[in-house]
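Below: one structure, written as structure tokens.
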Amino acid sequence: MEVISITPRGYCKGVTKAIQAVKNAYYDPTTKKPIYVLGYIVHNKHVIHELEELGVITLDDRGDSRLALAESIESGTVVLSAHGTDPAVKLRLEEKGIPYIDATCEDVDRTFDLIKEYSNKGYTIFYIGKHKHPEAVAATSLCTDIHLIEQISDIPHTNEKPIFVTNQTTFSLFEIKEIIHSIIERYPNTLISEEICDATRLRQDAIIQANVNVDLCYIVGDPRSNNTKNLALISENITNTKTKLIETVADIDIADLIGVNRVSVSSGASTPSRLTKEVIDFLKNQKPLN
Ligand code: SF4
């Protein structure tokens, strides 16, 4: 079977930095233990399990808020995830005397700085992002006059204040175009700073370039990862290629390979490379099935 290994794929600089920050904290004898992570350090459960095996404690934020989780910690050190963190959480940790290491990606931080800058200048902020995603939760905690827009119907009717638009760094290049177009139609003088990060942009573009005459595309990653889900959606909807989002090689259904001669593989920015390599190696060893 012909296998196209799409590049770039896999870990981005922010994910690499965040995982390294946790490991450094764990191995540094001067860092207070235990090491906690509020929410997933990056959105991949295999990464979380590997860190748990070391002894790092991940506090899952799908139930309680990160503020509530911070409240439950009495000692040790906290690592804050690559997606950014509500300042109220940092403040609470400082009040409790719990040291923290902020592993927020610099691209996320740049977006947060823009939000604070334009909010201070008196703008209403439109933030294009996914409801409940930690980056969007942190971004919308930075000021009061901020509106989260996930789809066109979320665009609010607002007052006379000038509007500044920015976005979650892992948003889809295609979905954001439509939303920004609709915002401009309604508010022609809006100031826009589109902040999809280079890692997201390059991975999405690479799929579009690679998926030509491809029978099937596998995206390897965790369904909780926004950038992974976007890669699958772009493959399916923009390149019109049959697409499967899988977490590991064990998720490959042989029935999907019947009649497939050419298959492409990519992975989300938080997917360990060994998981993608296992998928590629498995497919390379498959004979075409009729
Ligand atoms: S996907 Fe982009 S913003 Fe998110 S951690 Fe990676 S480089 Fe940073």
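The values are calculated or read from the model by the stated rules, or taken from the named source; none is laboratory data. Everything numeric in this text was worked out from a predicted model, so none of it was measured. Cβ sites come from the backbone with ideal geometry, for glycine too, and all protein chains shown count toward neighbours.
With respect to Ala269, is the statement that it is under 15 Å from Ile4 (Cα atoms), buried (at least 17 other Cβ atoms within 10 Å of the Cβ), out of contact with any strand residue (DSSP E or B) (no Cβ under 6 Å at 6 or more places or on another chain) and touching a residue at least 60 places away in the same chain (Cβ under 8 Å) true? Walk me through it before giving the result.
Details: under 15 Å from Ile4 (Cα atoms): no; buried (at least 17 other Cβ atoms within 10 Å of the Cβ): yes; out of contact with any strand residue (DSSP E or B) (no Cβ under 6 Å at 6 or more places or on another chain): yes; touching a residue at least 60 places away in the same chain (Cβ under 8 Å): yes.
Against the criterion (under 15 Å from Ile4 (Cα atoms), buried (at least 17 other Cβ atoms within 10 Å of the Cβ), out of contact with any strand residue (DSSP E or B) (no Cβ under 6 Å at 6 or more places or on another chain) and touching a residue at least 60 places away in the same chain (Cβ under 8 Å)), Ala269 does not qualify.
For the stretch 6-54, what are the residues that are away from the ligand (no atom under 15 Å from the Cβ) and either within 17 Å of Lys229 (Cβ to Cβ) or of a type in the set (S, T, N, Q) (or both)? Before the answer, list the steps.
First, the residues of the stretch 6-54 that are away from the ligand (no atom under 15 Å from the Cβ): 6-7, 23-36, 38, 45-46, 48-54.
The answer is Ile6, Thr7, Asn24, Thr30, Thr31, Lys45, His46.
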Screening Thr200, Thr169 for residues that are assigned to a loop (DSSP other than H, G, I, E, B) and within 16 Å of the ligand (Cβ to nearest atom) leaves only Thr169
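In the stretch 172-197, how many residues are of a type in the set (Lys, Arg) and either within 22 Å of Ser225 (Cβ to Cβ) or within 11 Å of the ligand (Cβ to nearest atom) (or both)?
Taking the stretch 172-197 as the starting set, the residues that turn out to be of a type in the set (Lys, Arg) are 177, 186.
From what is left, the residues that are either within 22 Å of Ser225 (Cβ to Cβ) or within 11 Å of the ligand (Cβ to nearest atom) (or both) are 177.
Residues that pass the stated criteria total 1.
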Within the stretch 106-127, the residues that are within 16 Å of the ligand (Cβ to nearest atom) and in contact (Cβ under 8 Å) with a residue 40 or more places away in the chain are Glu106, Asp107, Val108, Arg110, Thr111, Leu114, Ile115, Tyr127
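Just wondering, is there one or more residues in the stretch 254-263 that are surrounded by 21 or more Cβ atoms within 10 Å (Cβ to Cβ) and not assigned by TED's automatic domain parsing to the domain that holds Gly39? Spell out how you get there, then give the answer.
Narrowing the stretch 254-263 to residues surrounded by 21 or more Cβ atoms within 10 Å (Cβ to Cβ): 263.
Still in the running and not assigned by TED's automatic domain parsing to the domain that holds Gly39: 263.
Checked the stretch 254-263: at least one residue is surrounded by 21 or more Cβ atoms within 10 Å (Cβ to Cβ) and not assigned by TED's automatic domain parsing to the domain that holds Gly39.
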Note on Pro162: of the conditions (1) at pLDDT 95 or above; (2) within 27 Å of Lys17 (Cα to Cα), unmet is (2)
Checked Ala255, Ala250, Ala232 against criteria (more than 23 Å from the chain's Cα centre (by Cα), outside any loop (DSSP other than H, G, I, E, B) and under 27 Å from Ile41 (Cβ atoms)); the one match is Ala250
Exactly one of Lys130, Lys229 is touching a residue at least 40 places away in the same chain (Cβ under 8 Å), within 16 Å of the ligand (Cβ to nearest atom), out of contact with any Gly (no Cβ under 7 Å at 6 or more places or on another chain) and not aromatic (Phe, Trp, Tyr), and that residue is Lys130
Got at least one residue in the stretch 89-105 being in a loop (DSSP other than H, G, I, E, B), among the polar types (S, T, N, Q) and within 16 Å of the ligand (Cβ to nearest atom)?
yes
When Val3 is run through (1) of a type in the set (A, V, I, L, M); (2) within 20 Å of the chain's Cα centre (by Cα); (3) more than 16 Å from the ligand (Cβ to nearest atom); (4) under 23 Å from Leu202 (Cα atoms), the failure sits at (2)
Going through the stretch 1-54 in order, the residues found to be surrounded by 15 or more Cβ atoms within 10 Å (Cβ to Cβ), in contact with a strand residue (DSSP E or B) (Cβ under 8 Å, 6 or more places away or on another chain) and within 21 Å of Thr243 (Cβ to Cβ) are Met1, Val3, Ile4, Ser5, Ile6, Arg9, Gly10
A careful count of residues in the stretch 184-204 that are out of contact with any strand residue (DSSP E or B) (no Cβ under 6 Å at 6 or more places or on another chain) and more than 18 Å from Thr271 (Cβ to Cβ) gives 7
